[in-house]
Amino acid sequence: MLGKIFFLLCLSSAWAEDLCSKAVPPEAYYVRLSIKTALGDKAYVWNDNEMFLFQATLAFAMRSQFSGQEYNVSNIVVCDETPRVSFWFVVTSLEDPSRLVSRGDVEQAVRKSRNRINSAFLLTDQTLEFIGITPTLAAPVAPNTPPWLIVFGVVMGAVFAGILVLLVLPLIQKKRKKNQPMEDEDSDEETQVKTAENGPERSGVYNMSFSDDDKFTQM
Amino acid sequence: MRLVIPNPGLDQRIPTYEDIERMEKEEAGDRPKWDNKAQYILTCVGFCIGIGNVWRFPYLCQSHGGGAFLIPYLILLVLEGMPLLLLEFGIGQRLRKGSVGVWRAINPYLTGVGIASMLVSLLIGLYYNTLIAWIMWYLFNSFQNPLPWTQCPLNDNATGFVSECQRSSTVDYYFYRVTLNSSTSIDDSGGIHWPIVLCLLSAWTVIFICYIRGISTSGKAVYVTAILPYIVLAIFLIRGLTLKGAMNGVKFLFTPDVDELINPSTWLDAGAQVFYAFSLAWGGLISFSSYNPVHNNCMQDAVILSVITGLTSIYAATVTYTIIGFRATDRYDSCISDNIVTLSNAFDLPEDSITASNYEAALNHYNTSDPTTVLGLDFKICDMQKLLSEGVEGTGLAFIVFTEAITKMPGSPIWSVLFFVMLLCLGLSTLFGNIEGVVVPLRDLNVLPKKWPQEAVTGVTCFVAFIICLLFAQNSGVYWVTLFDNFAGSVPLLTIGLSEMIAIVYIYGIDRFNEDLKFMIGHKPSIFWQVSWRFISPLIVLVILVFYLVTQAQKKLTYLVWDPDSENFPTMASVPYPSWINAVVFLLAGIPSLAVPLYALCRLVFVYCKKKRASGQKSQLSAASGPDREFGGPGGR
């Protein structure tokens, strides 16, 4: 039993090396990682362990998409790793290691678990690129009531309130003034009556003969 | 120069010095007054400092030789702007009337000048308030994070962005599609865009409330609208100078190119900018100085205002170009890093192996070693000078370049709010002068009943203007605004300014004006003012007018449209105007300019007919009651 497994492993790794030396098959997908761009100082070094994680994550993605089919790390074959950190990979099918899973199936699997794959590497859609698989874009944030209507409402409310105040205030002041002079006139009349008792007669006929008429006629 | 055209009856039409002094002592008359000198100065400063100082002057400065442009600008400020300012201040303060009243008092045949001023103020006010409406829209939309012009909307199947947005940019799309929903030509009105209608409504109601009781309310509003822009400019200056690449912009702005001084168009543009910047010939300045106390030192005011305008223009230009420099540097850096990514992806090089400094060397190395691959790559051209000089004038500056720069600054909503509040204040304070130049002549001409209170007059004016402004709320509105901007505010203002100078110097009499100034401020104006009033300023304005007419007549009438289907999209396409535009241009530019001679002609005809009728009646009367005349009838005293 152990021997069989050992034989299969040797065969698959030989098969993998064989695959890599050939031309890029049509089922392959290019992957490009831009770790330094995404993380800057906190960037981790890309090494074989990271590659293992990549293979494991992709196997996970295939498992989630095709439930029941238990893909393994050995099913994910990675080739042509460059210092850029870019490579291509293919997924070998479970039954027959020489057959490759179609592009469409791989694309579906990647799309479904894209978020998980990104977060495993602390990267985003733009920094972990699968060439040929366009990321589904997040819709722009759109609140239910447009905020500008709210601000507009506030400004217009304030302006209309201001207009009302400016128009109504003078009317109120006029009314107040009307009431006040009525009170002043009352007090005036009292004083007038008082002085009339002591002062010269206010009532009577105005005698024209003593007035200066000259200004009306000219000689 | 003793050349004065005979002007009979002038003394009966204008108040004498004794009248004015008496009126001032008794505070008789219902003419409004300024609460204090600061209000008057702030109102004039606000009127003169407008949006043009932020988006027109820096462009002119940079395109006409940078620091060298300041030389013609400052020279013409002193030779053209200051004398005209003192002329308007002096005549308003002396004759104590608004623009129509002043010209009617000098000579009834000259009332056309006042009417022309009113028409020009009205036309300019209409499109200026539309700009304010757009600014308000952006202001209302600045209260959210992220700002709405940072994102493109997705297309139908969510695989990419809307094509129009993808090909141009998020800020372009937001301005031309979301804000304006612009159609592809001025013919195609395309219906009313209701967000703009709401913004127009808010703009006109804000003007209404600020000017509801004339200068008694606008004089209080101006404390905010005239001072706030300076504070915001200072904040932006400090923020701008700390941004990366700001000094690139400032250096680009002020690097002098002395060869530009030989180019006549530099001087013409400088002269035109001074004329428009001072809001001369709008009628508002005459009105404002008529509310002054009679012994106010208007000469000092003219000098102060000129100095403030000149300094503010330079200040605003500096701030603008720090932001432009920042944006250009940011774009340049991202252009270079895009190219670096393209190169390193193509040759699978490790990420940080190529930096901005060794990019050129690396490119050459790969070009020599593997030219075919390099040729196939799509490299962008990164030109800093081009980035610094693109789209930096007018609405393009405020709504496209600046909004994009703001999105790249940390804390963008705050900067956006500050910027648009500043533009709003600049525009509002100019509009106060504008509406003064419309409402006061309307009252003087008795267009509206005299019994109506100021509130009603302002309200009716604002309402009618709002209805007319709905023209700009159409989908083709942006093209109408550009049309108004080009034609309503150029030739008519120059002709009115020229008429004003001729009227005061040769019809009112420069000697009489000198005497008035001596009475008002205590000394006669110096030889500088005399020479500039009589020769220099009218000559400069005449030259600008003639050159402007000549260049306009030679140019074909074309305009820029936003057409997603055009070849060079996102660059705007240049399209000829339809033929009916000529009628509109005549309405906008011709009618106000021709109002001066037309009114004089109409009045001549009217007076002639009246005289004929009166002499006909007189001869009838004398024939009927001949003998009675000897004994001194009613006319005997």
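Bear in mind that the values in this text are calculations on the coordinates, not laboratory data. Since the structure is predicted, the reported quantities are computational estimates derived from the model, not experimental observations. Cβ atoms come from the backbone with ideal geometry, glycine included; neighbour counts cover every protein chain shown.
Per residue of A:143-149, count partner chain C-beta atoms within 10 Å of its C-beta, then hand back the mean as an integer.
Working: counts 1, 0, 0, 5, 7, 13, 3.
Partner Cβ neighbours, averaged per residue: 4.
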TODO: Just grab the label-to-label distance for residue B:216 and residue A:180, each label 7 Å out from Cα along the Cβ direction, in nm (one decimal).
DONE: 1.5
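At 222 nm, what value in deg cm²/dmol follows for the protein assembly as shown if DSSP H runs of at least 4 each add -39500 (n - 2.57) and the sum is divided by all its residues, to the nearest 500?
Details: 36 runs with 515 residues, N = 856.
Calculated from helices alone, the mean residue ellipticity at 222 nm is -19500 deg cm²/dmol.
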Open item on the list: Just want the ordering: B:194, B:34, from fewest to most Cβ atoms lying within 10 Å of their own Cβ.
Closed with: B:194, B:34
TODO: For chain B, find the longest principal axis of its Cα atoms and tell me its angle to the long axis of helix B:537-554, 0 to 90°, nearest 10.
DONE: 60
Task: Degrees between helix B:37-48 axis and first principal axis of chain B (Cα, 0 to 90, nearest 10) - done: 60
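What does the structure give for B:210-220 when I average, per residue, the other chain Cβ atoms found within 10 Å of the residue Cβ? Kindly include the intermediate steps, with their values, before the conclusion.
Numbers: counts 2, 0, 4, 3, 0, 0, 0, 2, 0, 0, 0.
The per-residue average across the peptide is 1.
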TODO: Spit out the partnerless Cys residues in chain B, using Cβ distances under 4.7 Å as the pairing rule.
DONE: B:44, B:48, B:61, B:199, B:210, B:298, B:425, B:462, B:469, B:602, B:609
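Assigning unit charges at the beta carbon (Lys, Arg +1; Asp, Glu -1) and nothing else, what dipole magnitude in debye, to the nearest 20, does chain B show about its Cα centre? It would help to have the intermediate numbers written out before the result.
Numbers: 41 positive and 47 negative charges, 678 e Å.
Roughly 3260 debye, rounded to the nearest 20.
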Open item on the list: Please compute the average number of Cβ atoms from other chains found within 10 Å of each residue's Cβ in peptide B:195-208.
Closed with: 2
Task: Cross-link table B:37/B:524; B:25/B:610; A:4/A:36, entries beyond 31 Å C-alpha to C-alpha - done: B:25/B:610; A:4/A:36
Task: Furthest towards positive pole of dipole, B:48, B:60, B:34, structure part region B:25-66, Cβ charges - done: B:60
Task: Packing-based exposure ordering (other Cβ within 10 Å, fewest first) of A:74, B:369 - done: B:369, A:74
Task: Nearest-20 debye value, the protein assembly as shown charge dipole, Cβ charges on Lys, Arg, Asp, Glu - done: 2420
TODO: With only Lys, Arg, Asp and Glu charged, each at its Cβ (+1 for the first two, -1 for the last two), find how big the charge dipole of region A:13-131 is about the Cα centre; round to the nearest 20 debye.
DONE: 440
Open item on the list: Tell me which of B:322, B:153, B:589 sits at the most positive position along the dipole axis of chain B, charges placed on C-beta atoms (Lys, Arg +1; Asp, Glu -1).
Closed with: B:589
Task: Cα→Cβ-extended label distance, 7 Å offset, between residue B:359 and residue B:5, nm - done: 6.5
Open item on the list: Using alpha carbons only, how many angstrom separate the centre of region B:211-237 from the centre of region B:501-520?
Closed with: 33
Task: In range of the label at residue B:348: residues from region A:54-86 whose backbone nitrogen is under 15 Å from the point 7 Å along Cα→Cβ - done: A:78-86
Task: Peptides ranked, highest mean first, by Cβ atoms within 10 Å: ranges A:42-51, A:90-99, B:105-114, A:75-84 - done: B:105-114, A:75-84, A:90-99, A:42-51
TODO: Mind sorting B:290, A:113 by how few other Cβ atoms lie within 10 Å of their own Cβ, fewest first?
DONE: A:113, B:290
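Taking 0.36 nm per residue of sequence separation and subtracting the Cα-Cα distance, how much length would be gained by fully extending the chain between residue B:307 and residue B:393, in nm to one decimal? Mind showing how you got there, number by number?
Values: separation 86, 0.36 × 86 = 30.96 nm, distance 2.38 nm.
Gain in length upon complete extension: 28.6 nm.
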TODO: State which entries of B:251/B:386; A:112/B:380; B:251/B:408; B:97/B:611; A:174/B:450; B:33/B:220 exceed 23 angstrom in Cα-Cα distance in the structure shown.
DONE: A:112/B:380; B:97/B:611
TODO: Give me the angle, in degrees from 0 to 90, between the Cα long axis of helix B:194-210 and the longest principal axis of the Cα atoms of chain B, rounded to the nearest 10.
DONE: 40
Task: Positive-end residue, region A:18-60 charge dipole about Cα centroid, Cβ charges, pick of A:34, A:57, A:45 - done: A:34
